[in-house]
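A.B. asks: After the structure tokens below, expect a handful of questions from me.
The values are calculated or read from the model by the stated rules, or taken from the named source; none is laboratory data. In this text, all values refer to a predicted model and were calculated from it rather than measured experimentally. Don't worry about glycine lacking a Cβ; one is built from the backbone with ideal geometry, like all the others, and counts go over all protein chains shown. What goes into the accessible areas is simple: the full protein's heavy atoms, side chains included, and nothing from ligands, DNA or RNA. Shrake-Rupley method; radii C 1.70, N 1.55, O 1.52, S 1.80 Å.
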Amino acid sequence: MPKINYDYLLIMPALLWIAIFLIFPFFYVIVNSFIYKNNVTLDNYVTVFKTPRFFSSLYRTFLWTIGNVVFQLGLGLGLAILLNQNFKGVSAVRSLMLIPWLSSNVIVALQWKWIFHGTCGIATKLLMDIGITSSPISFFAPNVALLSCIIVNVWRWTPFTALVFLAGLQVIPLHLYESALIDGASVFQRFLKITLPLLKPIIAVWALITFIRTFNGFEIVWILTGGGPGEATLLLPIHMYTTTFLLGRFNEGSAISVLMTLMSAIFMILYVRTAQRSE
Amino acid sequence: MKINHLFKLVIIYFLVIVTLVILIFPYYWVFISSFKSTIEIATEEPRLIPRTFTLKHYEDLFGSVYKFHHYALNSLIVSLPVTIISILISTLAAYGLARGRIKGKRAFSNAVLLSYLTEPSMLVVPLFFIILLFGLYNNLIGLILTYPIVTIPFCIWMLREFFISIPIEIEEAALVDGASRLHVLTKIVLPLAAPGIFTAGIWSFVTAWNEFILALAFIAGLENWTLPLGLASYVAVYDIDWGLVSAACFLYELPALIVFAPLTKYFVKGLTLGAVKR
């Protein structure tokens, strides 16, 4: 009697779910992006590229993404080194770092919308008390709104980034530092010659994950500003959402969605490659 | 040398305290704002210690206008089935990936990895067509069916690590004794992987509880709103009642943080390594 391999049954449900709710929808939306008024056409893409908002929002999305990646990784690395020191209560502090990550994007955005409130907000008041500014700051004025959104997103993700880097720091063998110390290497040299090179694979992978997540980020900015004022914080995902669901232009929205996914796909493939190499 | 050491310690504590203040302050601010009277919030300078105390915002929240409890119930109706579906599907798949003799394992694990990187905003338009196709627009079932695609990939990833860490000898011994694969899974592996499965379940629940963009696109009528949609609607008016919004934020976060507090140890290890390692 031939033995049936039941192992395939184990992955079958997951495979089905991915096929129905991931692969099929993506095919569907790609097909849909080439259809306009029952014709197969490139019209939707032409419309997308003719809309100045597409390119301005794309440019803004890159600013937003790069700002986020730089600050999250930079501050996260610093914080990870701090959390890697020996002090009382270090494990409790590490656990607390999970709180912003556990919070819903909606809550994070609401909290900061309130803190950054123009007239009754505490941020303006505290900054005036310290003497950094003499007049109230409107954090969501056109010229600074995107920066404010970046600050909020950086606040949300930096602690978790620090934990990821910390996990990497903890597997660096201590004797490397000890022998460097004997050789008389300074703190700075030890960081450059030991910490950074050994942490590089994790930093690279996490930079890609952060890039993909931020590039497609929607919720925080949507709640904070809704893309405004004007178009000051209109990111690509918000442009896609409003075009599709608020203006009801489904074909054009499909085209934007396909383009957005394609651009992310470059980084996703890079990620899979990097992850495989570090295996 | 000693003074040098002391100096270092002072700097460390200073930085830790600054970090914690920045981390905790938003929660503190929302917490105390939820007890301030609307008049204090709107007309007085913001104070770190409130001058007035009221529970009115919490009463309003559960009234007929803001219906916090109604939205919370909807969120629960969605999140619980999503959690169960996610656990079932990802436990099986993760075990298959860790131990099964499957052709194309690498392709499957790459597919899982790619879906883990897929953000909900990439999915919203494609899934919208599926929702329409199934006739599930403005229906909570639509959310129950679509949310697992957000939760499953990460759960598979995390659980696979758990299964791999279980010594394979235990399973092989049982298989040699003639036990079936299913028997080995249910009687030997699952009890050992219970902490991991539990963590994956909690994570799925919180992810479903927090999910926003899919609900925003797929749910139209406010009788079907989930909690994040309800909360977003509180600030979608011209005259925002920040005391009320603060109360809503506090109540929304409380259950998640209570459930999570004892689990943070697992999370710090399981999630952070799982997030970058394969």
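A.B. asks: Is it the case, given these coordinates, that residue B:174 is of a type in the set (Gly, Ala, Ser), open to solvent by less than 20 Å² (accessible area, probe 1.4 Å) and over 13 Å from residue B:92 (Cα atoms)?
C.D. replies: yes
To keep it simple, each residue is scored yes or no on (1) away from chain A (no Cβ under 12 Å); (2) under 17 Å from the mean Cα position of the chain (by Cα); (3) open to solvent by less than 10 Å² (accessible area, probe 1.4 Å).
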{"position": "B:84", "(1), (2), (3)": "yes, yes, no"}
{"position": "B:93", "(1), (2), (3)": "no, no, yes"}
{"position": "B:119", "(1), (2), (3)": "no, yes, no"}
{"position": "B:123", "(1), (2), (3)": "no, no, yes"}
{"position": "B:135", "(1), (2), (3)": "yes, no, no"}
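A.B. asks: Then there is this: So for the stretch A:44-65 (the condition being touching a strand residue (DSSP E or B) at 6+ places or on another chain (Cβ under 6 Å) and either among the hydroxyl-bearing types (Ser, Thr, Tyr) or touching a residue at least 60 places away in the same chain (Cβ under 8 Å) (or both)), does at least one residue qualify?
C.D. replies: Within the stretch A:44-65 (the criterion being touching a strand residue (DSSP E or B) at 6+ places or on another chain (Cβ under 6 Å) and either among the hydroxyl-bearing types (Ser, Thr, Tyr) or touching a residue at least 60 places away in the same chain (Cβ under 8 Å) (or both)), the answer is yes, since at least one residue qualifies.
A.B. asks: Oh, and also: Need the failing condition index for residue A:85 against (1) at the interface with another protein chain (Cβ under 8 Å from one of its Cβ atoms); (2) assigned to a helix (DSSP H, G or I); (3) open to solvent by 40 Å² or more (accessible area, probe 1.4 Å); (4) under 23 Å from residue B:22 (Cα atoms), just the number.
C.D. replies: The single condition residue A:85 does not satisfy is (2).
A.B. asks: Do we have residue B:180 as within 13 Å of another protein chain (Cβ to nearest Cβ), of a type outside the set (Asp, Glu), more than 30 Å from residue A:112 (Cα to Cα) and open to solvent by 50 Å² or more (accessible area, probe 1.4 Å) here?
C.D. replies: Here the answer is yes, as residue B:180 does meet what is asked.
A.B. asks: Could you list, in sequence order, the residues of the stretch B:50-71 that are in a helix (DSSP H, G or I), touching a Ser or Thr at 6+ places or on another chain (Cβ under 9 Å) and open to solvent by 10 Å² or more (accessible area, probe 1.4 Å)?
C.D. replies: Answer for the stretch B:50-71, where residues must be in a helix (DSSP H, G or I), touching a Ser or Thr at 6+ places or on another chain (Cβ under 9 Å) and open to solvent by 10 Å² or more (accessible area, probe 1.4 Å): B:56, B:58.
A.B. asks: OK, next. What is the one condition in (1) more than 14 Å from chain A (Cβ to nearest Cβ); (2) touching a residue at least 60 places away in the same chain (Cβ under 8 Å) that residue B:63 does not satisfy?
C.D. replies: (2)
A.B. asks: OK, next. Among the numbered criteria (1) away from chain A (no Cβ under 11 Å); (2) farther than 27 Å from residue A:28 by Cβ, which one does residue B:144 miss?
C.D. replies: The failed condition is (2).
A.B. asks: For the subset of the stretch B:95-117 comprising residues that are of a type in the set (A, V, I, L, M, F, W, C) and under 23 Å from the mean Cα position of the chain (by Cα), which member is most open to solvent (accessible area, probe 1.4 Å)?
C.D. replies: Only one residue tops the list, namely B:114.
A.B. asks: Same structure again: For the stretch B:34-45, how many residues are at the interface with chain A (Cβ under 7 Å from one of its Cβ atoms) and surrounded by 21 or more Cβ atoms within 10 Å (Cβ to Cβ)?
C.D. replies: 1
A.B. asks: Now for a different question. Tell me, please, whether a residue that is surrounded by 14 or more Cβ atoms within 10 Å (Cβ to Cβ) and of a type in the set (Val, Ile, Thr) can be found in the stretch A:175-187.
C.D. replies: The answer is no, given that none of the residues of the stretch A:175-187 is surrounded by 14 or more Cβ atoms within 10 Å (Cβ to Cβ) and of a type in the set (Val, Ile, Thr).
A.B. asks: Looking only at the stretch A:99-122, count every residue that is small (Gly, Ala, Ser), open to solvent by less than 30 Å² (accessible area, probe 1.4 Å) and modelled with pLDDT under 85 and tell me the total.
C.D. replies: 1
A.B. asks: Considering only residues of the stretch A:104-118 that are facing chain B (nearest Cβ under 9 Å) and assigned to a loop (DSSP other than H, G, I, E, B), which is farthest from the chain's Cα centre (by Cα)?
C.D. replies: It comes out as A:117.
A.B. asks: Mind checking which residues of the stretch B:8-32 are over 19 Å from residue A:92 (Cα atoms) and more than 7 Å from chain A (Cβ to nearest Cβ)?
C.D. replies: B:8, B:31, B:32
A.B. asks: May I pose another question? So is residue B:106 of a type in the set (D, E, K, R) and assigned to a helix (DSSP H, G or I) or not?
C.D. replies: yes
A.B. asks: Considering B:22, B:3, B:12, B:77, which residue is at pLDDT 80 or above, among the aliphatic types (A, V, I, L, M), over 23 Å from residue B:232 (Cα atoms) and open to solvent by 40 Å² or more (accessible area, probe 1.4 Å)?
C.D. replies: Result: B:22 is the single residue among B:22, B:3, B:12, B:77 that is at pLDDT 80 or above, among the aliphatic types (A, V, I, L, M), over 23 Å from residue B:232 (Cα atoms) and open to solvent by 40 Å² or more (accessible area, probe 1.4 Å).
A.B. asks: Has the stretch B:163-181 got at least one residue that is among the acidic types (Asp, Glu), closer than 30 Å to residue A:217 by Cβ and part of a loop (DSSP other than H, G, I, E, B)?
C.D. replies: Scanning the stretch B:163-181 turns up no residue that is among the acidic types (Asp, Glu), closer than 30 Å to residue A:217 by Cβ and part of a loop (DSSP other than H, G, I, E, B).
A.B. asks: Next question. Only residues that are under 23 Å from the mean Cα position of the chain (by Cα) and exposed (fewer than 15 other Cβ atoms within 10 Å of the Cβ): list them for the stretch B:191-217, please.
C.D. replies: The answer is B:194, B:195, B:198.
A.B. asks: With the requirement that a residue be part of a helix (DSSP H, G or I) and surrounded by fewer than 23 Cβ atoms within 10 Å (Cβ to Cβ), what does the stretch B:219-229 give you?
C.D. replies: Passing the criteria: B:222, B:223, B:224, B:229.
A.B. asks: Kindly indicate the residue of the stretch B:167-188 that is closer than 17 Å to residue A:9 by Cα and among the aliphatic types (A, V, I, L, M) and also nearest to the chain's Cα centre (by Cα) among those meeting that condition.
C.D. replies: Step by step, filter the stretch B:167-188, then rank; the result is B:185.
A.B. asks: Has the stretch A:84-97 got any residue that is within 26 Å of residue B:118 (Cα to Cα) and touching a residue at least 60 places away in the same chain (Cβ under 8 Å)?
C.D. replies: Yes, because at least one residue in the stretch A:84-97 is within 26 Å of residue B:118 (Cα to Cα) and touching a residue at least 60 places away in the same chain (Cβ under 8 Å).
A.B. asks: Being of a type in the set (D, E, K, R) and facing chain B (nearest Cβ under 10 Å) is the filter here, so list the residues in the stretch A:210-262 that pass it.
C.D. replies: A:213, A:219
A.B. asks: Here's a follow-up. Filter the stretch B:235-249 down to the residues that are within 9 Å of another protein chain (Cβ to nearest Cβ) and either within 22 Å of the chain's Cα centre (by Cα) or outside any helix (DSSP H, G or I) (or both) and list them by number.
C.D. replies: Within the stretch B:235-249, B:235, B:236, B:240, B:245, B:246, B:248, B:249 qualify.
A.B. asks: In addition: From the list B:151, B:186, which residue is assigned to a helix (DSSP H, G or I) and open to solvent by less than 10 Å² (accessible area, probe 1.4 Å)?
C.D. replies: Just one listed residue meets the conditions, B:151.
A.B. asks: Working only within the stretch A:212-247, note down all residues that are surrounded by fewer than 19 Cβ atoms within 10 Å (Cβ to Cβ), over 18 Å from residue B:130 (Cβ atoms) and more than 21 Å from the chain's Cα centre (by Cα).
C.D. replies: A:229, A:230, A:246, A:247
A.B. asks: Out of curiosity, is residue A:79 modelled with pLDDT under 85, closer than 30 Å to residue A:199 by Cβ and crowded, with 16+ Cβ neighbours inside 10 Å?
C.D. replies: no
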